[in-house]
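Working notes, structure below.
The values are calculated or read from the model by the stated rules, or taken from the named source; none is laboratory data. All figures in this text were calculated on a predicted structure; none of them were measured in a lab. Cβ sites come from the backbone with ideal geometry, for glycine too, and all protein chains shown count toward neighbours. Protein only, heavy atoms only, side chains kept; ligands, DNA and RNA dropped before computing areas. Shrake-Rupley method; radii C 1.70, N 1.55, O 1.52, S 1.80 Å.
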Amino acid sequence: MKNYYLGREEAYIASPQVWSFKYAKDMVNGINICISNMAGGFPFKCGGRVWKDSERLYLCGEWSNNTDEHRFIQECLLSYTSGFGAKRFGKSRFRKFVRPDFADFRLQWMIYCVWQKCKGNEDFRKLLLQIPQDAILIENTTTDKWDSADIWGCENWELENKRANLATVLMERHKDLKRKERDYIINIETNKINDIGVWKGQNNIGKILMLCRDCIREGTEPQIDYDLLRRSNIYILGELLTFENC
């Protein structure tokens, strides 16, 4: 199995082998690669409850001490209608209450969250297996304002600007179409631009997805540091995760 070095800055020369993703509607080579944490439609079970997306499970880890305050925050995160809403509004609202040690275990926690979705949702497993084995997955965080954008994804401004310019041309060219039809054409055509510039960032989400894809293909489990997760005492909605069956 290929090694993926989490937490390390990487540079990827843009090419057709690099599949970038950002939105749930993104189409690459005829495949809708809605593989980000915030993508809905792939519910899974973890800790005795059903999660609508892996983003909210991950976010709950940021506020996972055994306190009434953190449980309240977790319940607020789950009240949002989407993972995107929880991240956009919840993180800014509760930022100062994040566990001070979260950075110590966030990478292993992310692997765990994504792997739970892989194990718990057959459609998501099938989607990952549709993506060619040699495709390099990169979360496109070029225009993201999150303070952790360069940790989870990569930026490529040269490519982003080229896509934006083409989108403007296509919008004018197809202005008589219905918005949904026009947006679909723009999505298809802009995602064909994939050989310009260099992607730079840690790309930890992309690496974790590729790791999970490899494990699914090979029938193995990702090497997760469960000892670290146990020592971190992660409470989700009042229950301590023991990782006993891991």
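Scanning the range 189-238 for residues that are of a type in the set (Val, Ile, Thr) and out of contact with any Gly (no Cβ under 9 Å at 6 or more places or on another chain) returns Thr190, Ile193, Ile196, Val198, Ile208, Ile216, Thr220, Ile224. Determine, yes or no, whether Phe89 is of a type outside the set (Gly, Ala, Ser), closer than 22 Å to Thr141 by Cα and surrounded by fewer than 18 Cβ atoms within 10 Å (Cβ to Cβ). Here the answer is yes, as Phe89 does meet what is asked.
Of all residues in the range 7-26, count the ones that are open to solvent by less than 80 Å² (accessible area, probe 1.4 Å) and part of a strand (DSSP E or B). Total satisfying the criteria: 7. The residues in the range 29-76 that are in contact (Cβ under 8 Å) with a residue 24 or more places away in the chain, of a type in the set (D, E, K, R), in a helix (DSSP H, G or I) and farther than 30 Å from Gln17 by Cβ can be counted, and the count is 5. Select from the range 27-69 the residues that are open to solvent by 10 Å² or more (accessible area, probe 1.4 Å) and over 19 Å from the mean Cα position of the chain (by Cα) and list them in ascending order. Correct list: Asn29, Gly30, Gly47, Gly48, Arg49, Asn65, Asn66, Thr67, Asp68, Glu69.
When residues in the range 196-210 are screened for being of a type outside the set (A, V, I, L, M, F, W, C), touching a helix residue (DSSP H, G or I) at 6+ places or on another chain (Cβ under 6 Å) and either part of a helix (DSSP H, G or I) or surrounded by fewer than 21 Cβ atoms within 10 Å (Cβ to Cβ) (or both), 2 of them pass.
Checked against the criterion of being open to solvent by less than 50 Å² (accessible area, probe 1.4 Å) and either within 14 Å of the chain's Cα centre (by Cα) or small (Gly, Ala, Ser) (or both), the candidates Leu77, Leu128 yield just one match: Leu128.
The number of residues in the range 151-187 being under 21 Å from the mean Cα position of the chain (by Cα), closer than 22 Å to Pro16 by Cα and part of a helix (DSSP H, G or I) comes to 5. Can Arg179 be described as open to solvent by 20 Å² or more (accessible area, probe 1.4 Å), within 30 Å of Asn66 (Cα to Cα) and free of Cβ contacts under 8 Å to residues at least 60 places away in the same chain? It is false that Arg179 is open to solvent by 20 Å² or more (accessible area, probe 1.4 Å), within 30 Å of Asn66 (Cα to Cα) and free of Cβ contacts under 8 Å to residues at least 60 places away in the same chain. Please verify whether Trp146 is touching a residue at least 12 places away in the same chain (Cβ under 8 Å), surrounded by 13 or more Cβ atoms within 10 Å (Cβ to Cβ), out of contact with any Asp or Glu (no Cβ under 7 Å at 6 or more places or on another chain) and under 24 Å from Tyr12 (Cα atoms), treating the condition exactly as stated. Criteria met by Trp146.
Residues in the range 225-246 that are in a loop (DSSP other than H, G, I, E, B), among the hydrophobic types (A, V, I, L, M, F, W, C) and crowded, with 18+ Cβ neighbours inside 10 Å: Ile234, Leu241. Taking first residues from the range 157-173 that are closer than 10 Å to Ile186 by Cα and without any contact (Cβ under 8 Å) to a residue 40 or more places away in the chain and partners that are of a type in the set (S, T, N, Q) and open to solvent by less than 100 Å² (accessible area, probe 1.4 Å), the Cβ contacts under 7 Å between residues at least 6 apart in sequence or on separate chains come to Arg163/Thr190; Leu166/Thr190; Ala167/Thr190.
Restricting attention to the range 211-223, the residues that are touching a residue at least 24 places away in the same chain (Cβ under 8 Å) and either open to solvent by less than 20 Å² (accessible area, probe 1.4 Å) or within 13 Å of Lys119 (Cα to Cα) (or both) add up to 9.
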